[in-house]
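Data first, discussion second: the structure below is written as structure tokens.
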Amino acid sequence: MDRNYKAILLTVLSLSVFVIAICELISFSHRGGDGIFTAAREGETYRGEIYPVQTITRTQRAAEMPKTTVQFYETKYNFGAIPEDHVVKHAFRFKNTGMNPLFIAKTDVTCGCTVPTFPQEVIGPDGEGEIVVEFNPSGKSGIEQKNIIVHSNALPEAISISIEADVK
């Protein structure tokens, strides 16, 4: 009986460690200037980008929409020298310069330290919007440059905007 008890206890302990490891892998916490930022939907935690299913739907929707044009007021922004523990944000303003509604499908980034937020709704002709890019330099040092690719129904369908900072 003592041997069965040990086997059961070892199994429960192993499963507990596995569950904790999985929870850590799927969760994301983002240190902001004033604490921890997480976003959740129905028990699912994510980094701020839209969910994968929504990305497919939004990408398909953008592909089916009539083409338009978009003009960013700036495509590059330099934060200058910033401390490693200081999260910074910048809003890239843009205008729909075409004759059809503008729909931003998604944004791509290469690093979890860069989180863009973009309008979820359609922007009419001559309408304006902004993509807010948040950069967390924690664990970085020196010159950091991050590119954000914006996908929409505009021509070209992918536009690159970028941020730069000298992390001290």
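Quick notes on this one:
- Hey, ALA105 surrounded by 15 or more Cβ atoms within 10 Å (Cβ to Cβ), touching a strand residue (DSSP E or B) at 6+ places or on another chain (Cβ under 7 Å) and among the hydrophobic types (A, V, I, L, M, F, W, C) or not: yes
- Taking the listed residues GLU164, GLU130, GLU144, the one that is in a strand (DSSP E or B) and within 12 Å of PHE94 (Cβ to Cβ) is GLU130, with no other qualifying.
- Filtered residue count, region 132-145, keeping only those that are crowded, with 18+ Cβ neighbours inside 10 Å and out of contact with any His (no Cβ under 9 Å at 6 or more places or on another chain): 1
- Tally of residues being among the hydrophobic types (A, V, I, L, M, F, W, C) and in contact with a Leu (Cβ under 9 Å, 6 or more places away or on another chain) across region 141-168: 1
- Verdict on GLY127 being surrounded by fewer than 16 Cβ atoms within 10 Å (Cβ to Cβ) and free of Cβ contacts under 8 Å to residues at least 40 places away in the same chain: yes
- The numbered conditions (1) small (Gly, Ala, Ser); (2) part of a loop (DSSP other than H, G, I, E, B); (3) crowded, with 17+ Cβ neighbours inside 10 Å are all true for GLY112 except (3).
No value in this document is a laboratory result; all are computed from the given coordinates. Just so it is clear, the model here is predicted, and its values are computed rather than measured. Note that each Cβ is placed from the backbone with ideal geometry, even for glycine, and that neighbours are counted across all protein chains shown.
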